[in-house]
Amino acid sequence: MGPRARPALLLLMLLRTVTLAGRPPRSHSLHYLFMGASELDIGLPLFEALGYVDDRLFVSYDHESRRAEPRTLWVQGGAASQLWLQLSQSLKGWDHMFIVDFWTIMDNNNQSKESHTLQVILGCEVQEDNSTRGFWKYGYDGQDHLEFCPETLNWRAAGPGARATKLEWEVNQIRAKQNRAYLKRDCPEQLQRLLELGRGALDRQVPSLVKVTHRVAPGVTTLRCQAMNFFPQNITMRWLKDKQLLDGTEVEPMDMLPNGDGNYQSWMAVGVTPGEEQRYTCQVEHPGLDQPLTATWEPSSSGTLVIGIISGIAVCVIIFFIGILIRILRKRRVSRGAMGDYVLAEVQFAELLSYSSVTKTCGLFLQRPIWASV
């Protein structure tokens, strides 16, 4: 994969995270990711599309085959045939639109003879109260470029290089109205049909496990809240200090990655003053949870436990060798015929430290470390 392809993929993941990770826990989304390269030698096709319901991939398409391919079983079969036909036609139309937009952007940047990448994310969210939100964003060479505003029918330019394209597209009001109609009407309707087809498979919920870890580095102490092994992807994580919500400037942005088994993991960190760790609480909301989960950092006693075990083992070893030494001395004295009171007392003490007694004593040390009685 070429040098331009890597930032393009990173931007797609960034756009997807910005759009989806902040969704309310009980909303649903339909979105498409488009990506292509002007030169095939950098490892990307001219156009490739991936479609997701929530965070589940259900369709893929590429310019070479010009065919939509189902990526899950529930979009196949008679019940989905009409929807699949409409979806295939839409992807073919987006294929053509993407290539035209790509050349327009390159021409407006005087870069038509160089190798470049274009990325698009578009789709909609439907909240639990049936309110909707649409999004349509372009990224060029791994950077934000243009964003469509359906309320005003204009485009927001991310930098000077996007302004010429912004002005050109805003002249075409027909296209702007078609974009708005898709985001406000067609996309939510298609999402509802997909949710009906995928009922059961898409309703799977795995509640999150939450823990807080502690890391000390020179000049900074960090608490990291980890949400593990959850599905679906939409999750909300917050840091509280003294039960008061911290704003975004005080915490690191939430990050998220797939586990590889279909579930997800996410984390969010905050810098704290040493000694004030117990004032901070992590709160997590997820569709699989009946109520928010909270977690705080608990100091680990593993280091003390290890020290106690080592101390107990050391005492056992010392007692063991003392017992052996006394047995040797006892045998020597007995062999010399020294059977006085001193030897009798010595024999009694040696028997107390016999192998069975030492084993029992060591077992007590290992079960209840020496520090446990302090």
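What do you reckon, is Thr152 surrounded by 18 or more Cβ atoms within 10 Å (Cβ to Cβ), in the same structural domain as Arg133 (by TED's automatic domain parsing) and of a type outside the set (Phe, Trp, Tyr)? Considered against the rule, which asks whether it is surrounded by 18 or more Cβ atoms within 10 Å (Cβ to Cβ), in the same structural domain as Arg133 (by TED's automatic domain parsing) and of a type outside the set (Phe, Trp, Tyr), Thr152 comes out as no. Residues that are free of Cβ contacts under 8 Å to residues at least 60 places away in the same chain and among the polar types (S, T, N, Q) are absent from segment 34-53 altogether. Annotation: of all residues in segment 240-273 being over 16 Å from the mean Cα position of the chain (by Cα) and hydroxyl-bearing (Ser, Thr, Tyr), the one that is modelled with the lowest pLDDT is Thr249.
Return yes or no: is Gln190 in contact with a Cys (Cβ under 9 Å, 6 or more places away or on another chain) and closer than 24 Å to Glu250 by Cβ? No: the conditions fail for Gln190. Could you list, in sequence order, all residues of segment 31-54 that are outside any strand (DSSP E or B) and out of contact with any Pro (no Cβ under 6 Å at 6 or more places or on another chain)? Those that are outside any strand (DSSP E or B) and out of contact with any Pro (no Cβ under 6 Å at 6 or more places or on another chain): Ser38, Glu39, Leu40, Asp41, Ile42, Gly43, Leu44, Pro45, Leu46, Phe47. Quick one: in segment 106-137, of everything that is modelled with pLDDT of 95 or more and among the β-branched types (Val, Ile, Thr), which residue is farthest from Leu191 (Cα to Cα)? Ranking the candidates gives Val120 first.
For Glu125, the test of being surrounded by fewer than 19 Cβ atoms within 10 Å (Cβ to Cβ) and on the phi < 0 side of the Ramachandran plot is failed. So, Val216, is that one loosely packed, with under 13 Cβ neighbours inside 10 Å and either in a helix (DSSP H, G or I) or out of contact with any helix residue (DSSP H, G or I) (no Cβ under 8 Å at 6 or more places or on another chain) (or both) or not? It is true that Val216 is loosely packed, with under 13 Cβ neighbours inside 10 Å and either in a helix (DSSP H, G or I) or out of contact with any helix residue (DSSP H, G or I) (no Cβ under 8 Å at 6 or more places or on another chain) (or both).
Within the option set Leu194, Leu183, Leu202, being at pLDDT below 95, of a type outside the set (D, E, K, R), assigned to a helix (DSSP H, G or I) and surrounded by 15 or more Cβ atoms within 10 Å (Cβ to Cβ) holds for one residue only, Leu194. Identification of strands (runs of 3 or more DSSP E) wholly contained in segment 227-293 with 2 or more residues that are free of Cβ contacts under 8 Å to residues at least 12 places away in the same chain yields 255-258.
Taking the condition surrounded by 15 or more Cβ atoms within 10 Å (Cβ to Cβ) and not polar (S, T, N, Q), does Trp74 pass? The answer is yes for Trp74. Apart from one condition, Pro188 fits all of (1) part of a helix (DSSP H, G or I); (2) more than 30 Å from His286 (Cβ to Cβ); (3) at pLDDT 95 or above; the exception is (2). Please go through segment 77-122 and pick out each residue that is among the charged types (D, E, K, R) and either surrounded by 15 or more Cβ atoms within 10 Å (Cβ to Cβ) or in a helix (DSSP H, G or I) (or both). Lys92, Asp95, Asp101, Asp107 - these are the residues of segment 77-122 that are among the charged types (D, E, K, R) and either surrounded by 15 or more Cβ atoms within 10 Å (Cβ to Cβ) or in a helix (DSSP H, G or I) (or both).
The values are calculated or read from the model by the stated rules, or taken from the named source; none is laboratory data. Keep in mind that this is a model prediction, so the values were computed, not measured. Because the Cβ atoms are built from the backbone with ideal geometry, glycine has one as well, and the counts that use them run over all protein chains shown.
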